[in-house]
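Worksheet for the structure shown next.
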Amino acid sequence: MNIHFIAIGGSAMHNLALALEHKGYSITGSDDVIFEPSKSRLAEKGLLPEAFGWYPEKIHSKLDAVILGMHAKPDNSELLKAQELGITIYSYPEFLYEQSKNKTRVVIGGSHGKTTITSMILHVLNYHNREVDFMVGAQLDGFERMVHLTEENDFIVLEGDEYLSSPIDRRPKFHLYKPNIALLSGIAWDHINVFPTFENYVEQFSIFTDSIIKGGSITYNVEDPEVKKVVEASENAIRKLPYETPQYTVEDGQTLLETPEGPMPIEVFGKHNLSNLAGAKWICQNMGVDENDFYEAIATFTGASKRLEKIAENDTCVVYKDFAHSPSKVAATTRAVKEQYPDRKVIACLELHTYSSFNPEFLKDYKGALDPADVASVFYLPESVKIKKLKEVTPTQISEAFQRTDLKIFTESAAFKDFVFSQGYENAVLLLMSSGNYGGLDLQQIKELIED
């Protein structure tokens, strides 16, 4: 097949392009800007556009399909040309569904935890040499790409994102997958620029639950009240399989998971990750992996990229970075680190970066999120607020939202960097949380500071 990608440079889009190239498809693409690592990875396979920009002449009648990324605008010149020629246009999730119509689709949904749970499942399957197709939102150890598609594999495991499908398809991605086996990890209001009310946001998960193929199943976090309410209210003819956080202990900075064979040391930590592990376990069992095989494999799982990822360590200090940015994720991650290292000074640094985090009403949900940390700071760039065309957010608003009197607030990159590098890291943990880049903070310099 001949496929053209409009906005090929995104994390998800370029991985899909690489997967289809690996499958033998002929791939072209365009984008107005492409950053690393997408740029190098596309170039390595000969898929990097010769010039950045949009070129309608790339759209021609010999194309079998166009895949449209969220980065493009509805009036994109290449999109208009494809519409004019009547070429089939897919969103990213639509195309994944087309590739998996004859497979058993396993879809992991939820406001938080879905990347980690999907990663755990794939780690276990890979450990036991079980081949599946997949799409996951982070780079994993042992996997070349974030997307893998074949003709022969029976299962496909999909991370089910609730964000929009494309500029011309405003449906959440996970509404399009029609799972046979599903999981729902948690519901905490996010993407408020798209879902302006909590009720509207929750409704998307009800639609997801009702989209499960009749006779299928949903494994759900019964400890999350909204998830419990959504799943148990659904009249869809599916099996409903609740899970909850397993028993565990923490001893000398090591988390021990209770198993039928006794306590087992694991690499991940925190109540939210143990809950994720429980969900992954039941999905793996639904896919034919027995309990003992699951435990054997999960003992070696070290985490997904940017999800409580350890980036530096010495005898008395460890540094983690985490993708956490929404209030529930920040609270869970900070609490997990303090629980794992109760006798160390936890220095938590949060960058506010997303559209939601600059909304005055949404800000209030951060109350107490950083309280488990011994030292807490919030960094944001006023320019980021202006770029998003939002009302000014003041340090006073931040302080009132978090309601922590000793919270340190930074609005300049240099001042934030000075703060990070001036801390004492003897018997400490540095936790960096953001979906951005901390104002250009050089993580390699932090690594050198800790490990030298």
statement: The relative contact order of the chain, taking Cα pairs under 8 Å that sit 6 or more residues apart, comes to a percentage of 11 percent
message: Antiparallel versus total DSSP beta bridges in the chain: what percent is that, nearest 5?
response: 25 percent
- prompt: By how many nm would the segment from LYS310 to ALA43 grow when fully extended, if each residue of separation counts as 0.36 nm and the alpha-carbon distance is taken off?
  reply: 93.2 nm
- prompt: If contacts are Cα pairs under 8 angstrom and at least 6 residues apart, what is the relative contact order of the stretch 95-298 in percent?
  reply: 21 percent
task: Would you kindly work out the equivalent ellipsoid of the chain from its C-alpha gyration tensor and give its semi-axes, the square roots of five times the eigenvalues, largest first in whole Å?
output: 34, 28, 22
Ellipsoid semi-axes in whole angstrom, largest first, where each is sqrt(5λ) of the Cα gyration tensor of the stretch 286-403: 32, 19, 13
- prompt: What ranking, highest mean first, results for peptides 163-170, 444-451 when packing means the other Cβ atoms within 10 Å averaged over each residue?
  reply: 163-170, 444-451
statement: FRET efficiency for THR300 and ASP64 from the Cβ-Cβ distance with R0 = 45 Å, rounded to 0.05, comes out at 0.65
task: Only helical DSSP H runs with n ≥ 4 go in: add -39500 (n - 2.57) per run for the chain, normalise by residue count and round the 222 nm mean residue ellipticity to 500 deg cm²/dmol.
output: -9500 deg cm²/dmol
statement: The number of Lys pairs in the stretch 2-87 whose alpha carbons lie under 25 Å apart, excluding pairs fewer than 8 residues apart on one chain, is 13
task: Sum up the charges of everything whose Cβ sits under 9 Å from the Cβ of SER326, counting Lys and Arg as +1 and Asp and Glu as -1, but leave SER326 out.
output: -1
- line: One finds the C-alpha centres of the stretch 398-452 and the stretch 266-321 to be spaced, in Å, by 25 Å
field: Charge context of LYS240, other residues only, Cβ under 12 angstrom, K/R +1, D/E -1
entry: 0
- request: State the antiparallel share, in %, of DSSP beta bridges confined to the stretch 311-434, rounding to the nearest 5.
  value: 10 percent
The stretch 309-451: Lys pairs at Cα distance under 13 angstrom, eight or more positions apart or on different chains: 6
- request: Using a cut-off of 15 Å between beta-carbons, work out the net charge of the residues near GLU162 (Lys and Arg +1, Asp and Glu -1, GLU162 not included).
  value: -4
message: So if I take the centroid of the Cα atoms in the stretch 93-165 and the same for the stretch 15-63, what is the distance between those two points in Å?
response: 22 Å
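We did not get these values from a lab; they are worked out from the coordinates using the rules stated. What you see is a predicted model, and the numbers here were worked out from it, not measured in a lab. As a convention, Cβ positions derive from the backbone with ideal geometry for all residues, glycine included, and neighbour counts pool all protein chains shown.
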